[in-house]
Amino acid sequence: MILIVDDDAAIRSSLTFLLKRAGFEPLAVSMPKEAIEVVRNQTPQLILMDMNYSLTTTGDEGLLLLREVKIFVPQVPVILMTAWGTISLAVQGMKAGAFDFVIKPWDNIVLLNTIKTALDLSSTMPLDPVISENKTLKSGNPAFAKIIGRNRAMTEILETVERVAPTNASVLITGESGTGKELIAEAIHLASLRSDRPFVKVNLGGISQSLFESEMFGHKKGAFTDAYSDRIGRFVMADHGTIFLDEIGDLDLGSQVKLLRVLQDRTFEVLGESTSRKVDVRVICATNRDLQEMVAEKSFREDLYYRINLIPIHLPALRERREDIPLLAEHFVREASGSNQVISEDALQWLKSLPFSGNVRELKNLVERTLIISDKNVPDKEDFQKQYSSMNTSSAIPLNGSTLEDIERQKVVEVIEKYKGNISRAASELGISRAALYRRMEKYDIHES
């Protein structure tokens, strides 16, 4: 049974009709006291709740009802319904334990997909931590073929991936650069029901504010100066598949609003077209930045944060799972040599002692570099030490004790000085947009001259 709570008779009628057609058993009530009476005596599968009632226009009564409902049926997912102008109420509701929110007027398909996702996730109980240890890594699931390790945190992450992949839930993957966020996103897609559809990767840090709509939604020929031909947007490319939005923490506030709208109702307008298009995509985001801190600083929208953070996955740094370093090193050796070549045991043990501030990516680079330079059949500790020292010297940045932000700041400073403050040329060498470079300069308090 799905409980509908709304004081508008037309909305109750519409939702009841929609849910019945979709095969659900709806029960509609008009006021909070009736909803409390229901949850005292029954356990709904899900609750669809309005945030505003005739007795109030502030939403306080809706928040109070949510908190009371959670006392009686804490495990039941609650989906909030609110108007676009009062999304802040929904955000407060998410903090109070709501599963998700939809905006009125709702799109029937989006609403039904949200309900299905909530029901799918609520029916999937966490696996027993003792019985299930290493289960996913040993299962032979091809979706996880590129993910190497037996660390407990990684095992739990893959169990989460296995549970959420078949749903349409949005996922936010966090972790330092080089920890494998893209691999996890790809694993979610490959283990999902969309695995035979596109997996579209977008580096948001490399898209300027002026080009955001064109890149993400596409444009028609002649829509603006330099629009010499039609362009297909990334959301259209990903239709019926998965879109992976990397470096979402680098997105400017104006583009965040535009992204929030398409994530909310799955509709957008191609530049140069007057009609809206619909799209069916699974959204996975990733960042190495602290979005909660950015929300507090008002540099990242709180409503967007809660929209993308339905399922959070945090990847540990390589230094936090040192037992996986030998496994990863041996994997990279086989991958690079195309054979069963091995490295010495003393090399494997020495690798475990390194700080690896560049995480898995740094380990992979070190292994590949050592195999290329070494003339030994079995490279040893000395070979790896030479290449590790060479890498540190050539970068002019000591990895030991330096954070990734230290490394990034130093690189930005070096390139800007190299081009004597020419931002366009510096951005080109760094492989990012001017806007992305300006954001990094602001972040690290770097001046053009």
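Read-outs: derived from the displayed coordinates by stated rules, not from any lab. Everything numeric here is computed off the predicted structure, so don't read it as measured data. Every residue, glycine as well, gets a Cβ built from its backbone with ideal geometry; the counts of neighbours run over all protein chains shown.
Couple of notes before you dig in:
- Kirkwood hydrodynamic radius of the chain, from inverse mean 1/r over distinct Cα pairs, in Å: 24.6 Å
- Cα shape, the stretch 2-122, gyration tensor, a/c 1.5 rule: rounded
- Near-label residues of the stretch 102-122 by backbone N, under 17 Å of a point 7 Å along Cα→Cβ of Gln75: 118-122
- Distance from the alpha carbon centroid of the stretch 156-214 to that of the stretch 288-336 works out to 12 angstrom.
- Using θ = phi - 60° and Karplus 6.51 cos²θ - 1.76 cosθ + 1.60, couplings along the stretch 378-386 (whole Hz; Gly, Pro as x): 10, x, 10, 4, 4, 4, 5, 4, 4
- Backbone N atoms of the stretch 148-177 closer than 18 Å to the 7 Å Cα→Cβ label point of Glu320 belong to residues 148-161, 172-177.
- Inter-probe distance in nm under a simple model that places probes 7 Å from Cα toward Cβ, at Val342 and Ser428: 5.0 nm
- Share antiparallel - DSSP beta bridges, the chain, percent rounded to 5: 10 percent
- Structure-based [θ]222 nm, the chain - -39500 (n - 2.57) summed over DSSP H runs of at least 4, per residue, nearest 500: -13500 deg cm²/dmol
- Between Asn365 and Glu297, the contour length at 0.36 nm per residue exceeds the Cα-Cα span by 20.9 nm.
- Three-way shape call for the stretch 175-240 based on the alpha-carbon gyration tensor, with the a/c threshold at 1.5: oblate
- Site pair Gln410 and Met1 shows an inter-label distance of 6.5 nm when each label is modelled 7 Å from Cα along Cα→Cβ.
- Computed from label points 7 Å out along Cα-Cβ, the spacing between Ser274 and Glu34 is 4.3 nm.
- Computed lengthening from Thr225 to Gln349, 0.36 nm per intervening residue step minus Cα-Cα distance: 38.8 nm
- For the stretch 219-278 and the stretch 1-78, distance of Cα centres in Å: 34 Å
- Proximity of backbone amide H atoms, modeled 1.01 Å from N, is registered between Lys201 and Phe244 at under 5 Å, excluding neighbours fewer than 5 places apart on the same chain.
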